[in-house]
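Okay, so here's the structure we're looking at.
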Amino acid sequence: MIRKLALGTALGALAAGAAFAAGIDVKLGVLNDRSGVYADLSGEGSVVAARMAVEDFKAKDKGLNVEIISADHQNKPDIGSGIARKWYDAEGVNAILDVPTSSVALAVADITADANGVLLDSGAGSTALTREQCRPTTIHWTYDTAALANGTGKALTEAGGKKWFFLTADYAFGHSLEENTAKVVEANGGEVVGTVDVPFPAQDFSSFLLQAQGSGADVIGLANAGGDTVNAIKQASEFGITQAGQKLAALLFFITDVHALGVQTAQGLSLTSAFYWDQNDQTREWSKRFMDKHGAEPTMVQAGVYSATMAYLAAVEALGSADDGKAVVAKMKEMDIDDPLFGKVKVRGDGRAVHDMYLYEVKTPGDSTGEWDLYKQISSISGDDAFLPMLDECDFTKK
Amino acid sequence: MFELLGIPPQVLMGQLLLGLINGSFYAVLSLGLAVIFGLLNVINFAHGALYMAGAFVAWMLLNYLGVGYWPALILAPLAVGIFGIVLERTMLSRLYHLDHLYGLLLTFGLALIIQGLFRNYYGISGLPYRIPSALAGGHNLGFMFLPNYRAWVIVASIIVCFGTWFMIEKTRLGAYLRAATENSALVNAFGVNVPLLLVLTYGFGTALAGFAGVLAAPIYSVNPNMGADLIIIVFAVVVIGGMGSIMGAIVTGYMLGIIEGLTRVFYPEGSSVVIFVIMAIVLLIKPEGLFGRAA
């Protein structure tokens, strides 16, 4: 009898021990474009980055059981919304990561707020995520259209590019990028001499480039992304536009785009980025590990997924639970984050992660020593100058 | 000098020329489709994927084997054509006796698979391919700067288009081909190897797509989706020209390139739909297409 009791106690203790070891369950969902135009700049690379964050955070040792799942939103808001809803309602996902394509990100932000989850957005550009549609469960980590405008737009206007002509991708993102940049250009004494709305997506930009050439503008602003930007730059070089002295401003430009163009064609272009693999020892070390797993250097979006995940896990560890999304986000807003890739980061009350941005120039073929040796840093822009000031009604720390 | 709707003639001339260049691509691609449809009765949805494959083969030749643009202009279409022949022999030829729809579905599926494979191996961002040094630079025509390479695109496409038209309409081989489509059993009975004719036709049509791909590689982004974006427009061109009409496909290709170019000046937002508007109008007024014969 005593023996049986002892056995029972031992088993009970064992069961209790197992329950304790189970720790905090965290489920992360990486929702992005895995097959379309943004698949290279987010896609599987973002999943790799999220996994690296879980490893580097040593989540297991800290009692966090982290599981990562992923899905393709195909850049369609309806598909993205459907997946997000299913993840929160049926699969117990605590946070959704990445979500490029602004229209999808805005839809997922609302669903996240309803479900009290967390949206850690890295891939989308719209400033609406932390302004018109700010939510207490949204964190916008890597960049936004205003930061791009404040980087590239301001630098080129100050360098003497006073007259601007925009080639704008004819959808929400393109118009928002154009509008933000035009404001910065005008605030710095420049003017917009013309705009042409280019249907999206486009193969041939020669007609539009010729119109821009004829306008007498100093700078041709490309308010587009991905394959459109690559095509426009390739053709501008072909038509001798850059050689004739007009400057091109690729307002949203990723390292994968530069890689696709080659330095021969892309040389001399200015661009704004939150991250470049060859910034310092820490970014080089991390990017090397990323390269070994993924076969390409990380974009700022993928680096942003890593950093946001690290900060998120730290907040969950501090709270001891991932269940209350609003609380986790509030915790992240309290923390002082010193990130290996983004340096000092402060998450504002509106969910905007504020960190330095950098202005780069694409190297010349003579300066570039390797396939991915592409950028030369021109200047750094402090986070407060780069991002728009916070709207009072979006400051959730006061509510 | 006169101005048309506030557009100076220099600008107009420039846009006409650019339209002609785009029209060159439409013409070569729609020609391939028209040849395949006219002679095989197959609606070849894989055409865009094969065009993309042509551009990629040119890139592979350069980066893996060090073979430059000029040999690639022959070798890449050859490779794509051989691939087309394999497709025809192993799959497509089994569907000739069935409804058009089956060929369409098969080639559509093949297009998705081919694009998916390239996307898997090469990503979506695209790959760089430089303009051959002999054609770098350009000339100032007074009204616009014409890159030498674009001038070459026009010349090359005109030669290929009219060469093809001549071969099909004016030679003995072409006569066999046309006869075989009218009544293959009879032509077979005369001792002409009809299956061989058909497989060569499909190979030739796909080689044309590969050729257009190589032409496009230096000026457009070489990426797995480059054909998917173009194929729908090219189908509209074929429909407007008249399904299966060789001359119709060529002339309509150039013409629509020019109309699209003009739309880009007068109403840029509409430039991506103008071809489809024309298609709808043509289908309403002359359903067999501008150059087609009533069925």
Original post:
Could you work out Rg/(2.2 N^0.38 Å) for chain B, with Rg from alpha carbons only?
Top reply: 1.02
Subject >> Other protein chain Cβ atoms within 10 Å, averaged over every residue that makes up B:111-120 >> reply: 1
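Antiparallel versus total DSSP beta bridges in chain A: what percent is that, nearest 5?
30 percent
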**OP:** Report, in whole Å, the centroid distance computed from the Cα atoms of the range A:196-250 and the range A:91-111.
**Re:** 32 Å
Original post:
Among B:Leu78, B:Leu230, B:Leu12, which one shows the biggest mean-square fluctuation in a GNM of chain B, springs joining Cα atoms closer than 10 Å?
Top reply: B:Leu12
Original post:
Where is the GNM fluctuation largest for chain A (alpha-carbon springs, 10 angstrom cutoff): A:Asp121, A:Asp257, A:Asp336?
Top reply: A:Asp336
**OP:** Return the single residue from A:Phe200, A:Phe253, A:Phe173 with maximal mean-square fluctuation; model: Gaussian network over chain A, springs between Cα atoms under 10 Å.
**Re:** A:Phe200
Original post:
Taking every residue in A:259-265, how many Cβ atoms of other protein chains lie within 10 Å of its Cβ, on average?
Top reply: 4
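Considering every residue in A:104-111, what mean count of other chain Cβ atoms within 10 Å of its Cβ is obtained? Mind dumping the intermediate values first?
Working: counts 0, 0, 0, 0, 0, 0, 0, 0.
Mean number of neighbouring Cβ atoms from other chains: 0.
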**OP:** Between beta-carbons, use under 13 Å as the cut-off and find the net charge around A:Asp204, counting Lys and Arg +1, Asp and Glu -1.
**Re:** -1
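Starting from 0.36 nm per residue, how many nanometres of slack lie between B:Ile113 and B:His97 once their C-alpha separation is accounted for? It would help to have the intermediate numbers written out before the result.
Values: separation 16, 0.36 × 16 = 5.76 nm, distance 2.42 nm.
Result: 3.3 nm gained on full extension.
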Subject >> Under-5 Å amide H pairs with A:Phe200, H placed in peptide plane, nonlocal only >> reply: A:Asp170
Original post:
By what distance, in whole Å, do the Cα atoms of the range A:248-369 stretch along each of the three principal axes, largest value first?
Top reply: 52, 31, 21
Original post:
Longest span of chain A, sites excluded, free of GluC sites (Glu not before Pro) in DSSP loop with at most 14 other C-beta atoms within 10 Å?
Top reply: A:133-370
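Among DSSP beta bridges whose residues both lie in the protein assembly as shown, state the antiparallel percentage, nearest 5.
On the way: 20 of 58 bridges.
Approximately 35 percent, going by the DSSP bridge assignments.
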**OP:** Taking every Cα atom in the protein assembly as shown, find the radius of gyration and the maximum pairwise distance Dmax, and write them in Å.
**Re:** 28.4, 114
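Run the numbers on chain A and let me know its relative contact order in percent, using alpha-carbon pairs under 8 Å that are six or more apart. Show your work: numbers first, answer last.
Numbers: 821 pairs, mean separation 69.2, N = 399.
Relative contact order here is 17 percent.
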Subject >> Distance in nm between pseudo-label sites at B:Arg293 and A:Asp114 (7 Å out along the Cβ direction from Cα) >> reply: 6.0 nm
Original post:
So what is the relative contact order of the range A:146-273, in percent, for Cα pairs below 8 Å that sit 6 or more residues apart?
Top reply: 29 percent
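Could you tell me the number of lysine pairs in the range A:158-278 with C-alpha atoms less than 17 Å from each other, where the two lysines are 8 or more residues apart or belong to different chains? Let's see the in-between values first.
Working: A:Lys162/A:Lys183; A:Lys162/A:Lys247; A:Lys163/A:Lys183; A:Lys163/A:Lys247; A:Lys234/A:Lys247.
Summing the qualifying lysine pairs gives 5.
Calculate, for B:Asn188 and B:Ala136, the FRET efficiency according to 1/(1 + (r/R0)^6) with r their C-beta to C-beta distance and R0 56 Å; round to the nearest 0.05. Show your work: numbers first, answer last.
Details: r = 51 Å, r/R0 = 0.91.
After rounding to 0.05, the efficiency reads 0.65.
Regarding chain A, what is the average projected area of its C-alpha convex hull, in nm²? Walk me through the numbers on the way to the answer.
Working: hull surface 86.2 nm².
Projected area, direction-averaged: 21.6 nm².
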Original post:
Tally Lys and Arg at +1 and Asp and Glu at -1 over the other residues with C-beta under 12 Å from the C-beta of A:Ala159: what net charge comes out?
Top reply: 0
Subject >> Around B:Phe276: net Lys/Arg minus Asp/Glu count, Cβ-Cβ under 15 Å >> reply: -3
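Starting from the Kirkwood radius over alpha-carbon pairs of the range A:146-273, derive D by Stokes-Einstein at 20 °C in a medium of 1.002 mPa s and give it in µm² s⁻¹.
Numbers: Rh = 14.0 Å.
Diffusion coefficient, whole number: 153 µm²/s.
Are there chymotrypsin sites (Phe, Trp or Tyr not before Pro) in the range B:187-295 that DSSP marks as loop and that have at most 10 other Cβ atoms within 10 Å, and which are they?
Passing both the DSSP loop test and the Cβ count: B:Phe190.
Read-outs throughout are calculated quantities, based only on the coordinates presented, and are distinct from any laboratory measurement. Everything numeric in this text was worked out from a predicted model, so none of it was measured. No Cβ is skipped: glycine too gets one built from the backbone with ideal geometry, and neighbour counts run over all protein chains shown.
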